[in-house]
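One structure is given below, encoded as structure tokens.
Please treat every number below as a calculation from the coordinates, not as lab data. This is a predicted model, so every value here is computed, not measured. In this analysis, Cβ positions are derived from the backbone assuming ideal geometry, glycine residues included, and neighbour counts consider all displayed protein chains.
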Amino acid sequence: MRTILIAAAAVAGLSLAACSKAEQTEAKTEATEAAADAGSAMKDAADTTAEAAADAGAAMKETATEAGDAMKAAGEEAKEGAVDAKNAAADAMKGDEKK
């Protein structure tokens, strides 16, 4: 009877150990998969951030170019206005000299 109890205890112990090992293996597999998913999510986030940064950089460059073009046009218009004002003043002075 004692031998049967020892054998039963041994079988139960082996069963628990096997179950525990299976659970450990499953937990390890799940942890590995979770780590892989996290790594993939981090890579996706990094790629998205890089794309957004590139888009922002392109938008800034375009805006700076447009602002530069607008400033150049405004400068040319101001120069033309100054030339027109100078010519108008010169014409007015000539008209005053004739009187």
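Scanning the range 20-55 for residues that are among the basic types (Lys, Arg) and over 12 Å from the mean Cα position of the chain (by Cα) returns 21, 28. Pairs meeting the criteria (first residue in the range 47-71 and hydrophobic (A, V, I, L, M, F, W, C), second residue surrounded by 10 or more Cβ atoms within 10 Å (Cβ to Cβ), beta carbons under 7 Å, at least 6 apart or on different chains) are lacking.
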